[in-house]
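Student: Questions regarding the structure given below will be posed in turn.
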Amino acid sequence: MKLGIVGLPNVGKSTLFNAITKAGAEMANYPFCTIDPNIGLVNVPDERVYKLAELFNSKKIIPATIEFYDIAGLVKGASKGEGLGNKFLENIRESDAIVEVLRCFEDENIVHVDGSVDPIRDIETINYELILSDLEMVERRLEKSRKALKGNKDLKEEVDLLEKIYEVLSEGKSIRILDLDEDEMKLMRSFNLLSVKPIIYVCNVSEDEVADAYENNEMVQKVKEFAKSEDAKVVVISAQIESEISALDSEEDKKEFLEAIGLEKSGIDDLITQSYDLLGLMSFLTTGEDETRAWTIKKNTPAVQAAGKIHTDIQRGFIRAEIVNYDDLIELKSMAAVREKGLMRLEGKEYLMQDGDVVHFRFNV
């Protein structure tokens, strides 16, 4: 899954990206420093993987991962080619969700492209460009589908949906506010529009505000209120602090640093976890002496499809899934003890996987 990190120039995108991935993306205090998107693969924080690996003395540990794209800063007029224009929009189009970084602190030494700090204005600037791009695309497709409808009545569902979308976009609103049924969502995905993509607003605050910014920073409060209208998520981060944390060598050093500034966990861990949830993802686990691994699947995935994540042969020859509850396994400390207690379940193809299921698939090909 790919998440595109976007924002106006100089709001802290690349600083945040560096902290997330330690990839060393170029940073500078001028617009369009980031031209081609930098890509970073990051681990999803999940202590279950490490605890299982310790229990089974696994030789390898493979956590779940998400890809982050650091996309160039956007300016007004991008949908008409201003700044990096269409290139910016295409990079977003390739992402599964949007992480929109908003500056929520004052600093006269850092240039803001619009001359003052206002996160709601920044949201509206970016959303407006996505909406304009979608509106242009929907207009073209709607015109084409209406003409084709005369000879193909099967297109009525598409025309009806496009008209519904066009009405929302014409009001300057993002498509993500629409309440669509499953069939409409499936058809919607084929349009590959921008303003329907799920979004997380990341409020980048100053170092001395980060501990209580979620409750006390006025700019953050405004973003939280706006996000309600779109059912979007909000995460508070100090990109500068996250940069300092990422430079520390050990987990113990990071824990001490966080405690010193009054935080239970890093903003990045929160962002990655929220991103995973935003995309409707979860992990099932496999473990043993060779490796312990978290496998990423969509929520409500049947066991037979989950088996295919490991190997298509396992899916093709699926017999059953042997399921153990993670907490039971940690408490009893061995598969043998779990079996003795009667806590291992045998599930068939249609079983819907649960987050944290520890699984062994039986198959025959």
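Since every read-out is calculated from the coordinates, none of them should be taken as a lab result. Since the structure is predicted, the reported quantities are computational estimates derived from the model, not experimental observations. Ideal geometry is used to build each Cβ from the backbone, glycine not excepted, and the neighbour counts take in all protein chains shown.
Student: How long is the gain from ASN43 to LYS2 if the chain were fully straight, where each residue apart is worth 0.36 nm and the alpha carbon distance is subtracted?
Tutor: 13.5 nm
Student: In sequence order, what are the phi-derived ³J(HN,Hα) couplings for the range 151-157 according to the Karplus relation 6.51 cos²θ - 1.76 cosθ + 1.60 with θ = phi - 60°, rounded to whole Hz, with x for glycine and proline?
Tutor: x, 8, 5, 5, 7, 4, 4
Student: Further question: Mean residue ellipticity at 222 nm from the helices of the chain, using -39,500 (n - 2.57) per DSSP H segment of n ≥ 4 over the full residue count, to the nearest 500 deg cm²/dmol?
Tutor: -13000 deg cm²/dmol
Student: Please give the FRET efficiency for GLU54 paired with GLU207, using the beta carbon to beta carbon distance and R0 = 41 Å, rounded to the nearest 0.05.
Tutor: The pair GLU54/GLU207 has a calculated efficiency of 0.75.
Student: Regarding the range 129-274, what whole-number volume in Å³ per residue does the convex hull of its Cα atoms give?
Tutor: It comes to 135 Å³ per residue, whole-number rounded.
Student: A further question on this structure: So what's the range 195-237 giving for Rg/Rh, alpha carbon basis, Kirkwood Rh from the mean inverse pair distance?
Tutor: That ratio is 1.00, to two decimals.
Student: How high is the relative contact order of the chain, given as a whole-number percent (alpha carbon pairs under 8 Å, six or more residues apart)?
Tutor: Taking the mean separation of contacting Cα pairs over the length of the chain, I get 19 percent.
Student: Using alpha carbon coordinates only, what is the Rg to Rh ratio of the range 299-361, with Rh defined as the Kirkwood radius?
Tutor: So for the range 299-361, dividing Rg by the Kirkwood Rh gives 0.99.
Student: Identify the trypsin sites (Lys or Arg not before Pro) of the range 227-270 meeting these criteria: DSSP loop state and at most 14 other C-beta atoms within 10 Å of the C-beta.
Tutor: Passing sites in the range 227-270 are LYS265.
Student: Any idea what diffusion coefficient the range 152-227 gets from Stokes-Einstein, in µm²/s, Kirkwood Rh on alpha carbon pairs, 4 °C, 1.567 mPa s?
Tutor: 86
Student: Among bridges DSSP assigns within the chain, what percent are antiparallel (round to 5)?
Tutor: 50
Student: Let me ask you something else. Which shape class, rounded, prolate or oblate, goes with the range 128-188 when its Cα gyration tensor gives a ≥ b ≥ c as root eigenvalues, a/c under 1.5 marks rounded, and past that a/b bigger than b/c marks prolate?
Tutor: oblate
Student: When the Kirkwood radius is taken over all Cα pairs of the range 226-365, what Stokes-Einstein diffusion coefficient follows at 25 °C and 0.890 mPa s, in µm²/s?
Tutor: Reported coefficient: 138 µm²/s.
Student: For the residue pair LYS22 and THR273, what label-to-label distance in nm results when each label sits 7 Å from Cα along the Cα-to-beta-carbon direction?
Tutor: 2.1
Student: With Kirkwood's inverse mean 1/r over C-alpha pairs for Rh, give me the Rg to Rh ratio of the chain, two decimals please.
Tutor: Checking Rg against Rh, the ratio lands at 1.02.
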